[in-house]
Amino acid sequence: MFRLKFKLSHTDPLIKILPEVRGRYLQNISLARHTWFGVGGRAEIMYLPVDAEDLAHFLRNTPRNLPLCLIGGGSNLLVRDGGVPGVVIKLESPFFRQISIGENTITCGAGFHNPDLKKHLLANNRGGLEFLCSIPGTVGGSIKTNAGCFGREISDVIVSAEIINREGKIQSIDAKDLGLSYRGSLFPDDWIILAVTFKTEPSSAEKISCLLEEHKAYRRAHQPVNQKTAGSTFKNPEGLKAWELIKKCGCDQFTVGGAKVSEKHCNFLINTGTASAEDIETLGEMIIREVQRQTSVTLEWEIKRLGIKREQ
Ligand SMILES: Cc1cc2nc3c(=O)[nH]c(=O)nc-3n(C[C@H](O)[C@H](O)[C@H](O)COP(=O)(O)OP(=O)(O)OC[C@H]3O[C@@H](n4cnc5c(N)ncnc54)[C@H](O)[C@@H]3O)c2cc1C
């Protein structure tokens, strides 16, 4: 994400200074339908590039201080009610959803949906990426967050990533240079992931199906499914579990407006249908304060919060 100072005169609509592209610009678009929480304000402009060259042309021909931000599947995002100034980029065209199967690798475009990996693993008898199939969202978002579950994470399986920088230069980056850490990464905020190569292991359709079923059953039993949530709200502090701290401090009963703590897993916050982003963020902040007060542990948001609060 690019968070730079950018002042645009109110008489000058942003669209006027953007270069002509082959992709699409959508103006004043609600971001609620682009996130799993289903809340949040509008993007001044959403840009849907048609391919990497189109994106490179856009990056080379926009002011360096224009605020840009990337969204993938929106499954780890809380977009604030005041919306997101500048341009929100979403890599959802077919170009960014390609997949190719190598000898011991699989390469996916950044906009490829993780659950869609299933059929390719099964058809090609490839193992090692089953955990990723159960994580909602896209490959690009999963790299940025070093997503993981069931004892594996992206850093265990990634070989390299193709990125584009703010100058529109495309390059291949070795996994070790992405600085992947627990639910995060250290690569520059102005790098956009275009595609990712994962290593795979030989397996059998039977073994793969068995693992996929196990993961699905575990999630059904222990996590809220088919609800408006963004997954784990807080990172696990070193040697501790965020959900245990939340429960121990009685925060699992907290609600704010239409936002509540999931009854199934208290590190998940839920939009019951009427929540605003403000309700969800306030609920999260209340939990942080109470856990801090009772245990001196400061929980850190795992969910990425974007945009600005609505003016009161
Ligand atoms: C029900 C549920 C269960 C979940 N379970 C898990 C779990 O088990 N483990 C886990 O780790 N997570 C989990 N999550 C969280 C989420 O699914 C993951 O973090 C996922 O990888 C996010 O991908 P996304 O495409 O939705 O990214 P988004 O939420 O859209 O974005 C996440 C971050 O990635 C950045 N980003 C997106 N695309 C790109 C790109 N192409 N280049 C650079 N930056 C980019 C965004 O700017 C943002 O900072 C869960 C979420 C839900 C709703």
(request) Label region 184-248 by shape, choosing from rounded, prolate and oblate, from the square roots a ≥ b ≥ c of the eigenvalues of the Cα gyration tensor; if a/c is under 1.5 it is rounded, and otherwise prolate applies when a/b is larger than b/c, oblate when it is not. (result) oblate
(request) Report in % the part of the accessible area of region 96-222 that belongs to carbon and sulfur, leaving out ligands and nucleic acids; probe 1.4 Å. (result) 51
(message) Using DSSP to call loops (not H, G, I, E or B), can you name the trypsin sites (Lys or Arg not before Pro) in region 40-92 whose Cβ has at most 14 other Cβ atoms within 10 angstrom?
(response) ARG64
(request) Pick out which of THR138, THR62, THR255 has the largest mean-square fluctuation in a Gaussian network model of the chain, springs linking Cα atoms closer than 10 Å. (result) THR62
(message) Please list 3J(HN,Hα) in residue order for region 273-288, calculated via the Karplus relation 6.51 cos²θ - 1.76 cosθ + 1.60 where θ = phi - 60°; whole Hz, with x for glycine and proline.
(response) x, 10, 6, 9, 4, 4, 4, 5, 5, 4, 4, x, 5, 4, 5, 4
(message) Can you tell me, using C-alpha contacts under 8 Å and at least 6 residues apart, the relative contact order of the chain as a whole percent?
(response) 18
(message) Taking 2.2 N^0.38 Å as the expected size of a compact globular protein, what ratio does the Cα radius of gyration of region 242-306 give against it, to two decimals?
(response) 1.02
(message) Ignoring chymotrypsin sites (Phe, Trp or Tyr not before Pro) that are buried or in helix or strand per DSSP, and keeping those with at most 15 other beta carbon atoms within 10 Å, what is the longest stretch of the chain between them?
(response) 7-149
(message) Suppose all protein chains stay in the model; what accessible area per residue would a 1.4 Å probe give for the chain, in Å²?
(response) 48
(message) Only sites in a loop by DSSP and with at most 14 other Cβ atoms within 10 Å count here; which trypsin sites (Lys or Arg not before Pro) in region 142-189 make the cut?
(response) LYS169
(message) So if I restrict to the alpha-carbon atoms in region 36-112, what is the Rg, and what is Dmax, the biggest pairwise distance, in Å?
(response) 14.6, 47
(request) Scan around GLU92 for amide H atoms under 5 Å from its own, H built in the peptide plane at 1.01 Å from N, and keep only partners 5 or more places away or cross-chain. (result) none
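Using the Cα gyration tensor of the chain, with a ≥ b ≥ c the square roots of its eigenvalues, what is the shape: rounded (a/c below 1.5), prolate (a/b larger than b/c) or oblate (neither)? Please report the intermediate quantities before stating the final value.
Details: a/c = 1.83, a/b = 1.04, b/c = 1.75.
Here the chain falls in the oblate category.
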(message) Just to verify a number: FRET efficiency for ALA217 and ASN61, C-beta to C-beta distance, R0 = 41 Å, to 0.05?
(response) 0.25
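The values are calculated or read from the model by the stated rules, or taken from the named source; none is laboratory data. What you see is a predicted model, and the numbers here were worked out from it, not measured in a lab. Cβ: placed from backbone, ideal geometry, glycine included. Neighbour counts: every protein chain shown. These accessible areas exclude ligands, DNA and RNA; they are computed on the full protein's heavy atoms, side chains included. Shrake-Rupley method; radii C 1.70, N 1.55, O 1.52, S 1.80 Å.
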